[in-house]
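Only one structure is covered here, and it is reproduced in the block below.
The values are calculated or read from the model by the stated rules, or taken from the named source; none is laboratory data. Quantities reported herein were computed from a predicted structural model and do not represent experimental measurements. Cβ: placed from backbone, ideal geometry, glycine included. Neighbour counts: every protein chain shown.
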Amino acid sequence: MPGMRKPDVVVIGGGAAGMVVAAETTARGLGTVVLEAGAWLHPQRHFTGDEWDMLQPSEGVFRWGPSDRHAPPWPRERDGVAGVFQIAGVGGSSLGSWGASPRAGVGSIDGRWPMRYRDLVPWYERIEEALPVRIPETLAPKDEAFIEGCRRLGLDHLLGPDVDRIGWRFQPMSVSPLVRTDDVAFPAADGCTACGGCIAGCRSPQNAPLERTAMRTSASVFAPAAYATGLLDLRTGCNAIELVHEAGVDGASRVRAVRYRAADGRIIEQDGEVFVLAAGAIESPRLYLMSGLIDGGLVGRGLTTHAMDLVSGELPADIEPARGVVSMARCDFPNYGAMFSMGLTPMLSALAAATGTSRSHGPGPWATRGALVGTGLKRRMERWPRTLAIGISVDDTVEDANEVRLSTAIRDVHGPAPRVHYRASDETVRRRDWLARRAAEMLLGLGAEPDSVHRADLANIIVHAHGTMRMGRDPSSSVTDGDGRCRATTNLYCADASILPSALGGADPALTVQACASMVADAVAHALA
Amino acid sequence: MTDEGLEPAMAVLSAVCAAVVPGFSTDATPGASEIGAQGFVAHHLGGRLQAFSDAVLEAEPEFVSLEPLAQTEAVRRMLDRVEGMRAVVGLTVGAVYGSWSGTDDEAKLVRAPLGWELASYDGPVLGRRPLGT
């Protein structure tokens, strides 16, 4: 019984990856403890639908901080980074996703990971079936416009999930099919109701039980599955502060327990046979470094992001930006990254327009770039119903100088805060600029008012973070092996975005994170067999 | 510092907010000033209001007395030079185009927020017209 004997597996972090690990280890009969810093939020009870209330970094429901929103958020030291978006809570970053679940580009894995793309396909298929991942049958007007833009650029329509050449696709989505009904309440409505509120947390259909929430996240799929086995001991409000270790064999360490601060403030040590880091690419290396485990100079290094940007323009007709899943169409450009349609509400649209930077290089076919304030912002927002926004996600290069380490200036109650340092490489900037020009060309090809085409040149807010405990074959350049096992230990694994050795070709990382977590869970189960 | 002591700082903040989303002083529709966005922003700045005001006036000593259009240009210049300016711009935009101006003291939405009216947005809903129709 959970809590009564030494568990087989202790997972640190109940987010997008951690709950996949827990679902798979409990399905194999392994007693599993999950320590999650946030709460287990229920969409019907805790999601308000108000995007400011949900997303505001210091006080929002989706913030990096204690579940008591009156308490201050957990700090980070940032260098070259305007912000870091993390969500504390069961499901983690999957809670604030918009359900985009593409696979990584084939070329972003082959030759760069310790396995080939095709070796990862079984785990992709496992997760795609479990969520499940679907292709939309009907598109919203904004996505139809995006696809027409792709056609006018002469781009191919790609079928199938493998991203191995340039082309556009319907977005693979971990969202239940759109219901065709005027009723928005479960059970009459049992699927997506096209409300467009994905980014602020899916709470559709109204009154749905957690497992029937339209957005298929680690919270609505894998957490309930793990819980149903009776072998899960999920502890929320628990912050891990140290991996207690001892000398193992052949110079490697062995983790004996994880020390954590419980919700009531007590310090508790939880022992186990195998430990799995799943706290994300910022917090997993932080905990590893705080614990004094063998570092080798690699832990925390090689941080990659997607250097996101946004290009928008006013089309000749209304496109109802707030209708439908946020992004239902995408176009991939191997070696550069990806573009995708984005349905932004006025607040998010205005924020993107008003808080841009001037960090990009060179001219492009846009009329304005960077921060838009004053009457220019107001006039733009008056035409919001006709504004098509195109998101850009860059295949970032791996630079060891980009890193997560321990801050020497800032501490929180758990220890040294993480220090996040990031500078986009010249190559990343070049790719970003190239993608932005393609996006602007698409908008102009759709008949957008030339004076309306605006490149936000977004400030560097890290939304997707990967690579800080990257896996590989060569011990001199990797922290974890191809099973996600930390080389310097015998029983510590890492299962989250930290292990991804590349930026996935610019693909949204959720599906790849979940697939890799499934792969690591298999390795953990094998090790315990 | 007392509220009276913060009045000059609030005047600077009000001018910044009005420059980000102008109202009737220069535009045909209301903006940040008409909904008192500076109060929302000041709440989120907390104890940093005076420091922000000082930083603005150090960068642009004549900021408060500039014409509105010149203030907008000055805000743009200060975005990467004045600590907190980018956050203040974001908070102002959040106040205008988010739900805040339509809520009561209990954060309940009781009327259409200004920004939603300006953008012809009907707000978050539980469902929209089925796709394909």
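So the values come out like this:
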{"item": "Every residue from the range A:371-413 that is of a type in the set (Lys, Arg) and in a loop (DSSP other than H, G, I, E, B)", "result": "A:Arg383"}
{"item": "Pair list, Cβ under 7 Å, 6 or more apart: the range A:50-72 residue at the interface with chain B (Cβ under 8 Å from one of its Cβ atoms), other residue of a type in the set (Val, Ile, Thr)", "result": "A:Glu51/A:Ile199; A:Glu51/A:Thr345; A:Asp53/A:Val61"}
{"item": "Cβ pairs under 8 Å, 6+ apart, first in the range A:175-196 and on the phi > 0 side of the Ramachandran plot, second hydroxyl-bearing (Ser, Thr, Tyr)", "result": "A:Gly191/A:Ser176; A:Gly196/A:Thr345"}
{"item": "Number of the exception - A:Arg419 against (1) among the basic types (Lys, Arg); (2) closer than 30 Å to A:Gly362 by Cα; (3) crowded, with 20+ Cβ neighbours inside 10 Å", "result": "(2)"}
{"item": "Subset tally (residues that are in contact with a helix residue (DSSP H, G or I) (Cβ under 8 Å, 6 or more places away or on another chain), surrounded by fewer than 16 Cβ atoms within 10 Å (Cβ to Cβ) and within 14 Å of chain A (Cβ to nearest Cβ)) for the range B:57-68", "result": "1"}
{"item": "Count of the range A:425-449 residues which are buried (at least 22 other Cβ atoms within 10 Å of the Cβ) and hydrophobic (A, V, I, L, M, F, W, C)", "result": "7"}
{"item": "Within the range A:450-460, considering residues that are out of contact with any Pro (no Cβ under 8 Å at 6 or more places or on another chain) and assigned to a loop (DSSP other than H, G, I, E, B), the one surrounded by the fewest Cβ atoms within 10 Å (Cβ to Cβ)", "result": "A:Asn460"}
{"item": "Failed condition for B:Pro22, given (1) part of a loop (DSSP other than H, G, I, E, B); (2) over 30 Å from A:Thr48 (Cα atoms); (3) touching a Lys or Arg at 6+ places or on another chain (Cβ under 9 Å)", "result": "(2)"}
{"item": "Qualifying position, being out of contact with any strand residue (DSSP E or B) (no Cβ under 6 Å at 6 or more places or on another chain) and facing chain B (nearest Cβ under 10 Å), among A:Gly356, A:Gly343, A:Gly364", "result": "A:Gly356"}
{"item": "Residue satisfying all of: in the range A:162-199; within 20 Å of the chain's Cα centre (by Cα), within 12 Å of chain B (Cβ to nearest Cβ) and small (Gly, Ala, Ser); surrounded by the most Cβ atoms within 10 Å (Cβ to Cβ) among these", "result": "A:Gly197"}
{"item": "Evaluation of A:Met339 against (1) within 25 Å of the chain's Cα centre (by Cα); (2) at pLDDT below 95 (one fails), failing number", "result": "(2)"}
{"item": "Those residues of the range A:14-49 which are among the charged types (D, E, K, R) and either within 14 Å of chain B (Cβ to nearest Cβ) or in contact with a Gly (Cβ under 9 Å, 6 or more places away or on another chain) (or both), in sequence order", "result": "A:Glu36"}
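Listed here are the residues, each with its yes/no results for (1) at pLDDT 95 or above; (2) surrounded by fewer than 24 Cβ atoms within 10 Å (Cβ to Cβ); (3) touching a strand residue (DSSP E or B) at 6+ places or on another chain (Cβ under 6 Å).
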| position | (1), (2), (3) |
| --- | --- |
| A:Met1 | no, yes, no |
| A:Ala22 | yes, no, yes |
| A:Ala27 | yes, yes, no |
| A:Val33 | yes, no, yes |
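For (1) outside any helix (DSSP H, G or I); (2) under 16 Å from A:Met54 (Cβ atoms); (3) facing chain A (nearest Cβ under 10 Å); (4) within 11 Å of the chain's Cα centre (by Cα), each residue gets a yes or a no:
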residue: B:Glu73; (1), (2), (3), (4): no, no, yes, no
residue: B:Asp80; (1), (2), (3), (4): yes, no, yes, no
residue: B:Glu83; (1), (2), (3), (4): yes, no, no, no
residue: B:Arg86; (1), (2), (3), (4): no, no, yes, no
residue: B:Val89; (1), (2), (3), (4): no, no, yes, yes
residue: B:Gly94; (1), (2), (3), (4): no, yes, yes, yes
residue: B:Asp105; (1), (2), (3), (4): yes, no, no, no
residue: B:Arg111; (1), (2), (3), (4): yes, no, no, no
